[in-house]
């Protein structure tokens with residue numbers, strides 16, 4: 001299965017002023033096409049940090065997605081930083097320029113600030129933006145997307161056919177009103193016996209009762225169901241009846 005990393009770029013996210021809405025969407029959509037999101041980072045609008053992070057991630061993952069920093073303002077520095085990361089000149093892409101010229105009715109509306117949205121590393125491949133026309137782009141295995149959620153989502157739908165996915169990850173959630181400390185030993189035994197399935201334990205406190213949601217994830221239905229039955233048997237052996245919870 002191909003893997004991926006998301007780099008969320010923006011001081012406004014780090015400060016808490018803006019709540020990121022892109023990571024959950026990308027994780028879900030990538031999973032649906034069989035690309036596993038393995039890591040996510042939130043970094044500042046800092047040229048050196050962007051360069052170092054992009055270079056590290058593109059060497060370690062099949063795909064890297066960045067969000068944010070490709071608008072028209074002075075703090076939109078993502079494209080310039082990524083050009084430096086790839087040691088490529090930053091150019092005003094003629095196809096991107098044509099898109100913006102078509103979008104703005106009056107030539108004077110396409111000012112220097114908006115023209116900045118046409119700048120990208122030389123040789124980049126455009127990613128269509130049906131919402132506001134200013135495109136994202138791909139350079140190597142790095143996909144550079146807008147930070148505005150509705151635009152980012154539209155861009156992702158435009159590029160997803162370029163990704164080499166496999167079987168999507170399936171999941172089963174088994175809930176038991178029992179403490180993690182009681183479950184831990186048996187759960188470890190089940191995980192060891194079903195190494196092809198990921199098993200995570202997530203404690204909760206509901207209606208005055210302590211419990212845990214046991215989430216099993218795998219790409220093969222048969223092995224996933226077998227592991228789930230082993231978890232149910234383990235929980236029942238502790239004197240508690242488990243139940244399945246619909247995945248969000």
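Taking the criterion of being in a helix (DSSP H, G or I) and either in contact with a strand residue (DSSP E or B) (Cβ under 8 Å, 6 or more places away or on another chain) or under 17 Å from residue 146 (Cβ atoms) (or both), the residues of the stretch 86-123 that qualify are 95, 96, 99, 100, 103, 113, 114, 115, 116, 117, 118.
The requirement of being more than 23 Å from residue 45 (Cα to Cα), within 27 Å of the chain's Cα centre (by Cα) and surrounded by fewer than 18 Cβ atoms within 10 Å (Cβ to Cβ) is satisfied by residue 170.
The set of residues in the stretch 172-191 that are within 16 Å of residue 241 (Cβ to Cβ) and touching a residue at least 60 places away in the same chain (Cβ under 8 Å) comprises 173, 174, 175, 176, 177, 178.
May I ask you to verify whether residue 83 is surrounded by 18 or more Cβ atoms within 10 Å (Cβ to Cβ) and free of Cβ contacts under 8 Å to residues at least 60 places away in the same chain? So residue 83 passes the test.
So in the stretch 124-153, with the set limited to residues that are assigned to a strand (DSSP E or B) and free of Cβ contacts under 8 Å to residues at least 40 places away in the same chain, which one is nearest to residue 54 (Cα to Cα)?
Result: 138.
On the stretch given as the stretch 7-23, residues that are in a loop (DSSP other than H, G, I, E, B) and in contact with a strand residue (DSSP E or B) (Cβ under 7 Å, 6 or more places away or on another chain) total 2. Evaluated against (1) free of Cβ contacts under 8 Å to residues at least 40 places away in the same chain; (2) assigned to a helix (DSSP H, G or I), residue 54 falls short on exactly one condition, (1). Taking every residue in the stretch 210-239 that is farther than 17 Å from residue 200 by Cα and pairing it with any residue that is in a strand (DSSP E or B), at least 6 positions away or on another chain, the pairs with Cβ-Cβ distances below 7 Å are 221/170.
Residue by residue, here is whether (1) on the phi < 0 side of the Ramachandran plot; (2) buried (at least 17 other Cβ atoms within 10 Å of the Cβ); (3) in contact with a helix residue (DSSP H, G or I) (Cβ under 6 Å, 6 or more places away or on another chain) holds:
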| residue | (1), (2), (3) |
| --- | --- |
| 155 | yes, yes, no |
| 176 | yes, yes, yes |
| 183 | yes, yes, no |
| 195 | yes, no, no |
| 210 | yes, no, no |
| 228 | yes, yes, no |
| 237 | yes, no, no |
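Evaluate the following for residue 10: is it crowded, with 16+ Cβ neighbours inside 10 Å and under 20 Å from residue 161 (Cα atoms)?
When the stated conditions are applied, residue 10 does not pass them.
Values quoted throughout were computed directly from the atomic coordinates according to the rules given, and no laboratory measurement underlies them. All of these numbers come straight from a predicted model, not from anything done at the bench. Here the Cβ is made from the backbone with ideal geometry for all residues, glycine too, and neighbour counts use every protein chain on show.
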